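Structure first, then comments.
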Amino acid sequence: MDLLRPLGLANIPCAAVAPPGAPPRYSRFTRAVVEWADPSDESGALVDKLIHFARGQSKKPVLFYEGDWDLLLISRHRGRLASYFHFVVPDGALVEDLVDKARFRTLARTLGLPVPPSTQVHTASADPDDVDLAYPLILKPLTRRTATWMPIFTELNQSEAKALEVRSREELTELWPRLASSGVELLAQELIEGPETNIESYHAYVDRDGSIVASFTGRKIRTYPKGYGHSTALEITASAEVASLGADLIQRLDLRGVAKLDFKRSPEGTLYLLEVNPRFSLWHHPGAEAGVNLPALVYDDMVARTRRSTGPAEPGVRWCRLLNDVKAARGEGISFVRWLPWALTCDARATLAWDDPLPFLRGVLWARAAAALRRLRRRTARP
């Protein structure tokens with residue numbers, strides 16, 4: 001929904017590529033639905049479905065993408081898809097370098113990017129003494145949480161986290177048997193201390209000529225779980241320092257298309273680059289509400305029409321994911337009575353909009369109610 005809504009608000013007709021029951025299927029902006037296949041393990045089937053849809057259109061559609069697997073599918077199948085769709089995506093090698101954390105580490109070293117010290121760890125053959133970094137550390141899977149990585153999170157009651165924090169060598173030694181038995185490959189990185197509000201970001205669209213068409217900056221407010229979870233509350237900012245560094249790194253990477261650059265500000269005030277995501281993201285929803293609609297600008301270029309006018313983003317525009325942010329706020333000691341007015345006055349909310357309520361009602365509340373009913377039936381059916 002955070003990609004669909006900016007397009008819908010710009011009066012751009014949309015077809016949703018989403019699994020059954022997903023919120024975008026119920027949006028008033030969705031005019032058609034493309035049959036779903038999982039891009040992570042059914043990429044060929046999904047490409048076939050996309051092409052089948054495109055063949056039935058009077059004009060070449062513009063293809064947007066939001067997740068890593070969506071990005072990889074389009075990048076790896078760009079030869080076939082380009083005959084049927086308009087899309088903007090970085091060079092194929094750069095896509096792979098940015099998605100894979102080991103390759104990104106090598107790229108950052110080559111280009112002199114301001115990343116925290118890190119090392120790749122092969123847990124099946126290494127041991128804790130091979131991790132020659134200053135503690136505390138964070139541990140991340142090289143690409144995404146695989147079947148071997150998930151049980152480790154679950155055992156540690158961090159199933160919704162994206163990384164693990166290790167405060168000392170003793171903690172790593174205690175954790176190591178679990179890591180080694182899984183054989184997972186990971187990136188160990190020195191932790192930049194500070195709260196999640198110190199995570200700032202730069203968002204840009206770069207055209208085929210290498211010009212930055214538009215950009216904005218933002219910062220995190222909360223995540224769930226706290227520290228290494230998914231974003232639940234965000235705010236648009238007007239940081240000249242983040243914008244300047246982000247634009248410089250875009251040029252060093254020679255990147256084309258859209259990108260999100262995540263930074264963390266150290267207690268001393270230094271900005272460290274954490275990652276670069278060359279794809280559309282949930283940030284484009286609050287960005288559009290703030291006056292910089294990057295997906296719409298991409299659409300204008302793809303269909304060769306005059307770009308809509310855009311100015312600097314309005315700072316202070318807020319976004320939240322209601323059902324997760326209420327838990328994140330509770331974890332910070334914020335009462336529901338205090339949180340609710342804050343959440344309801346956010347300029348953008350994931351899945352919930354007063355002028356488009358069905359994605360939240362059908363795709364979120366109904367889905368959760370149905371899941372709860374199934375669990376209840378299973379419990380009552382037990383002897």
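Can you confirm whether Trp366 is farther than 28 Å from Ala290 by Cβ, among the aromatic types (Phe, Trp, Tyr) and in a helix (DSSP H, G or I)? If you could, list the steps in order and put the result at the bottom.
Working: farther than 28 Å from Ala290 by Cβ: yes; among the aromatic types (Phe, Trp, Tyr): yes; in a helix (DSSP H, G or I): yes.
So Trp366 passes the test.
Of these, Ala313, Ala290, which one is surrounded by 14 or more Cβ atoms within 10 Å (Cβ to Cβ) and touching a Gly at 6+ places or on another chain (Cβ under 6 Å)?
Values: Ala290 fails: touching a Gly at 6+ places or on another chain (Cβ under 6 Å).
Just a single option satisfies the conditions, and that option is Ala313.
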Kindly indicate whether any position in the stretch 345-353 is buried (at least 17 other Cβ atoms within 10 Å of the Cβ) and either of a type in the set (S, T, N, Q) or part of a helix (DSSP H, G or I) (or both). yes
Return the pairs, sorted by first residue and then second, in which the second residue is assigned to a helix (DSSP H, G or I) and basic (Lys, Arg), the first residue lies in the stretch 1-28 and is over 16 Å from Gly291 (Cα atoms), the beta carbons are less than 6 Å apart, and the residues are 6+ apart or on different chains. Ala16/Arg25; Ala18/Arg25; Tyr26/Arg362
Does the stretch 321-342 include one or more residues that are among the aromatic types (Phe, Trp, Tyr) and either modelled with pLDDT under 95 or under 30 Å from Arg256 (Cβ atoms) (or both)? no
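Which ones in the stretch 65-82 are in a loop (DSSP other than H, G, I, E, B), surrounded by fewer than 20 Cβ atoms within 10 Å (Cβ to Cβ) and either without any contact (Cβ under 8 Å) to a residue 24 or more places away in the chain or in contact with a Lys or Arg (Cβ under 8 Å, 6 or more places away or on another chain) (or both)? Before the answer, list the steps.
Here is the first cut: in the stretch 65-82, the ones in a loop (DSSP other than H, G, I, E, B) are 65-67, 77, 82.
Filter again for surrounded by fewer than 20 Cβ atoms within 10 Å (Cβ to Cβ), leaving 66-67, 77, 82.
If the condition is that a residue be in a loop (DSSP other than H, G, I, E, B), surrounded by fewer than 20 Cβ atoms within 10 Å (Cβ to Cβ) and either without any contact (Cβ under 8 Å) to a residue 24 or more places away in the chain or in contact with a Lys or Arg (Cβ under 8 Å, 6 or more places away or on another chain) (or both), then Glu66, Gly67, Ala82 are the ones that fit.
Could you run through the stretch 110-127 and say how many residues are under 22 Å from Arg265 (Cβ atoms) and assigned to a helix (DSSP H, G or I)?
Narrowing the stretch 110-127 to residues under 22 Å from Arg265 (Cβ atoms): 111-118.
Subset that is assigned to a helix (DSSP H, G or I): 111.
Residues in the stretch 110-127 being under 22 Å from Arg265 (Cβ atoms) and assigned to a helix (DSSP H, G or I): 1 in total.
So, of the residues in the stretch 122-171 that are of a type in the set (S, T, N, Q) and touching a Pro at 6+ places or on another chain (Cβ under 8 Å), which turns out to be modelled with the highest pLDDT?
Of the stretch 122-171, the ones of a type in the set (S, T, N, Q) are 123, 125, 143, 146, 148, 154, 157-159, 168.
Then drop every residue that is not touching a Pro at 6+ places or on another chain (Cβ under 8 Å), which leaves 158, 168.
Values: Gln158: 57, Ser168: 92.
Only one residue fits best here, namely Ser168.
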Could you look through the stretch 22-64, keep only residues that are touching a strand residue (DSSP E or B) at 6+ places or on another chain (Cβ under 8 Å) and part of a loop (DSSP other than H, G, I, E, B), and pick out the one that is farthest from Trp354 (Cα to Cα)? Lys60
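Suppose we filter the stretch 356-379 for residues that are over 25 Å from the mean Cα position of the chain (by Cα) and not hydrophobic (A, V, I, L, M, F, W, C); how many remain?
Residues of the stretch 356-379 that are over 25 Å from the mean Cα position of the chain (by Cα), as a first pass: 369-379.
Those still in the list that are not hydrophobic (A, V, I, L, M, F, W, C) too: 374-375, 377-379.
Number satisfying all stated conditions: 5.
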Residues being of a type outside the set (S, T, N, Q) and either in the same structural domain as Leu71 (by TED's automatic domain parsing) or touching a helix residue (DSSP H, G or I) at 6+ places or on another chain (Cβ under 7 Å) (or both): count how many of those fall in the stretch 276-298. 11
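For (1) assigned by TED's automatic domain parsing to the domain that holds Trp342; (2) free of Cβ contacts under 8 Å to residues at least 24 places away in the same chain; (3) within 20 Å of Val95 (Cβ to Cβ), each residue gets a yes or a no:
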residue: Ser168; (1), (2), (3): no, no, no
residue: Leu172; (1), (2), (3): no, no, no
residue: Tyr205; (1), (2), (3): yes, no, yes
residue: Ser231; (1), (2), (3): yes, no, no
residue: Val242; (1), (2), (3): yes, no, no
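Can you tell me which residue among Ala180, Ala238 is on the phi < 0 side of the Ramachandran plot, hydrophobic (A, V, I, L, M, F, W, C), surrounded by 14 or more Cβ atoms within 10 Å (Cβ to Cβ) and at pLDDT below 95?
Numbers: Ala238 fails: at pLDDT below 95.
Of Ala180, Ala238, the one residue that is on the phi < 0 side of the Ramachandran plot, hydrophobic (A, V, I, L, M, F, W, C), surrounded by 14 or more Cβ atoms within 10 Å (Cβ to Cβ) and at pLDDT below 95 is Ala180.
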Residue check, Asp325 against (1) in contact with a helix residue (DSSP H, G or I) (Cβ under 7 Å, 6 or more places away or on another chain); (2) in a strand (DSSP E or B); (3) closer than 22 Å to Asn198 by Cβ, all met but one. Which one? (2)
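Identify, from the list Arg78, Arg31, the residue that is among the charged types (D, E, K, R) and either assigned by TED's automatic domain parsing to the domain that holds Glu185 or farther than 30 Å from Trp319 by Cα (or both). Break it down into steps so the answer makes sense when it comes.
Numbers: Arg31 fails: either assigned by TED's automatic domain parsing to the domain that holds Glu185 or farther than 30 Å from Trp319 by Cα (or both).
Going through Arg78, Arg31 in turn, the sole match is Arg78.
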If you check Leu73, Leu98, which single one turns out to be closer than 22 Å to Pro20 by Cβ, under 22 Å from the mean Cα position of the chain (by Cα) and among the aliphatic types (A, V, I, L, M)? Leu73
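The values are calculated or read from the model by the stated rules, or taken from the named source; none is laboratory data. Because the structure is predicted, anything quoted here is derived from the model rather than measured. Glycine gets a Cβ as well: all are built from the backbone with ideal geometry, and neighbour counts include every protein chain shown.
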